[in-house]
1. Could you run through the stretch 270-326 and say how many residues are touching a residue at least 40 places away in the same chain (Cβ under 8 Å), among the polar types (S, T, N, Q) and outside any strand (DSSP E or B)?
2. Which of the residues spanning the stretch 148-166 are open to solvent by 40 Å² or more (accessible area, probe 1.4 Å) and out of contact with any strand residue (DSSP E or B) (no Cβ under 9 Å at 6 or more places or on another chain)?
3. Collect the residues in the stretch 73-131 that are touching a Lys or Arg at 6+ places or on another chain (Cβ under 8 Å) and of a type in the set (Val, Ile, Thr), keeping them in residue-number order.
4. Restricting the stretch 227-245 to residues that are assigned to a loop (DSSP other than H, G, I, E, B) and polar (S, T, N, Q), which is modelled with the highest pLDDT?
5. Could you check, for the stretch 389-406, whether at least one of its residues is in contact (Cβ under 8 Å) with a residue 40 or more places away in the chain, assigned to a helix (DSSP H, G or I) and open to solvent by 60 Å² or more (accessible area, probe 1.4 Å)?
6. Scan the stretch 282-291 and tell me whether some residue there is among the hydrophobic types (A, V, I, L, M, F, W, C), open to solvent by 40 Å² or more (accessible area, probe 1.4 Å), modelled with pLDDT under 95 and more than 17 Å from ARG171 (Cα to Cα).
7. Note down all Cβ pairs under 8 Å where the first residue falls in the stretch 202-222 and is without any contact (Cβ under 8 Å) to a residue 40 or more places away in the chain, the second is of a type in the set (S, T, N, Q) and assigned to a strand (DSSP E or B), and they're at least six residues apart or on different chains.
8. Could you list all residues from the stretch 327-343 that are open to solvent by less than 20 Å² (accessible area, probe 1.4 Å), touching a residue at least 40 places away in the same chain (Cβ under 8 Å) and either charged (D, E, K, R) or assigned to a helix (DSSP H, G or I) (or both)?
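The values are calculated or read from the model by the stated rules, or taken from the named source; none is laboratory data. Just so you know, these numbers come straight off a predicted model, no measurement behind them. Neighbour counts run over all protein chains shown; Cβ positions are idealised from the backbone, glycine included. Side chains are part of the model used for accessible areas, which takes the heavy atoms of the whole protein and leaves out ligands, DNA and RNA. Shrake-Rupley method; radii C 1.70, N 1.55, O 1.52, S 1.80 Å.
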Amino acid sequence: MSRERDEVAVVGAGLAGCLLACFLARRGHPVALYERRPDPRTGTPERGRSINLALSERGLDALRRIGLDEQLMADALPMRGRMVHPVVGEPGFQPYSVDGDRAINSISRGALNNALLAAAAKLPGVRIAFDHRLVGLDPATGEMTFQTPQGTVTANATVVLGTDGAGSAVRGQLLGHGLLTESVDFLDYGYKELTIPPLDGEFALDPGALHIWPRGTSMMIALPNPDRSFTCTLFWPTHGTASFASLGSPAAIERHFAQHYPDLLPIAPDLIDDYQHNPVGVLGTVRCDPWQVDGRVGLLGDAAHAIVPFYGQGANCAFEDVVELDRCLDECAGDWSAALPLFQHRRQDNAEAIARMALANFVEMRDMVASPVFRTRKRIEHALERALPGRYVSQYELVSFSTVPYAQVRRRVRRQYQVLGAVAAGVTVAVAGAAVALGRRGRR
């Protein structure tokens, strides 16, 4: 059993790592937070790597527990629905919730990370080491080896927690020791960031919506920023005749956007420069097992279960991991050897559920949101929510506006669809029967 004065190493000072450091410090643990990058608060953000976050109830719940929600949400912008941009015609708004009042919140990943990092740094018992790239880990002893600008250094910790993202060095070390298995399923799609600047000092688009340009084989989204700009993310195949690789010259880029995203060109003056110089990011789902070894080394967030970003739940899910680990430590009286296995037991099915829902939501956003059938289904769904409050709740609302475990959400939604199918079948039979009866009466 660990003692509260034993130091816990958190490898990775991203969103999950900084939040985890805050939770652990609150429990009285000395925390060493290691980060391979320089201090992000003093450097220049990497071009084209911001990807705004859609922070929703699961993430907010975690922030409330340590009193950071109001501070960190001060610059967030609520988005109450999707604004769908067709190739021809006016955009159409689709509210996320039945009453139209609930919102997901656009927030800069970098700004949120810096605020969480500052909050962790202020807490007693937290020390932060930047420019420390993990290159060695002995899972049996907790000894870590880091490459730094000053050379190789070693450190020890009672517990080592990897919160270092989809390409986790901690997970890589465990894999190298033969202590876990992993799979990484990459999409044949990548992403590139573009920018819509303010227009005459104001938002060029409605800031109260997440904007979507669904194009079947490609898709673009745009989220508002406090400076009245929008961060756009273009999702497109990485190879083929219709892909990022297919556009080389400025003229080709302009022709493509004029044909497929005509309303973007007039409000994105730097589009060609952004397209040519911003990198193409990769998208994939990471699975591994186990998430912990001997109650001494554990993985959280993307390091354990990275997902694609199409449900806006990556950061929310990672924050929920931190809350669940804290709960497990409470229930296990601080015994890491019991808490880490319990954490995996409770979270693994939920991580798999949101991974599957995120992949399915990509298809919905890319192919379906612009269709009349989809819009009709959403109207019916909202009507059912009004008619059956609390009994029928859409998948989107359960995922984004509640803390119902993801796996329970999937099971509940399947049951709802089964009931709806039975009702629809019954209505069809009744209508058909009534038509037959009317026909018989008409022949008399």
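1. The qualifying residues number 3.
2. Residues satisfying the conditions are PRO149, GLN150.
3. Step one: filter the stretch 73-131 for residues touching a Lys or Arg at 6+ places or on another chain (Cβ under 8 Å), giving 80, 87, 92-98, 100-103, 114, 117-118, 123, 130-131.
Within the stretch 73-131, VAL87, VAL98 qualify.
4. Checking each candidate, the answer is SER229.
5. Step one: filter the stretch 389-406 for residues in contact (Cβ under 8 Å) with a residue 40 or more places away in the chain, giving 394, 396-397, 399-403, 405-406.
Narrowing further to those that are assigned to a helix (DSSP H, G or I): 396-397, 399-400, 406.
Pick out the ones that are also open to solvent by 60 Å² or more (accessible area, probe 1.4 Å) and you get none.
No: zero hits.
6. Yes, some residue in the stretch 282-291 is among the hydrophobic types (A, V, I, L, M, F, W, C), open to solvent by 40 Å² or more (accessible area, probe 1.4 Å), modelled with pLDDT under 95 and more than 17 Å from ARG171 (Cα to Cα).
7. Matching pairs, first to second residue: ALA222/THR231; ALA222/THR233.
8. Step one: of the stretch 327-343, the residues open to solvent by less than 20 Å² (accessible area, probe 1.4 Å) are 328-329, 334, 336, 339-340, 343.
Filter once more, keeping what is touching a residue at least 40 places away in the same chain (Cβ under 8 Å): 329, 334, 336, 339-340, 343.
Of everything in the stretch 327-343, those that are open to solvent by less than 20 Å² (accessible area, probe 1.4 Å), touching a residue at least 40 places away in the same chain (Cβ under 8 Å) and either charged (D, E, K, R) or assigned to a helix (DSSP H, G or I) (or both) turn out to be LEU329, TRP336, ALA339, LEU340, PHE343.
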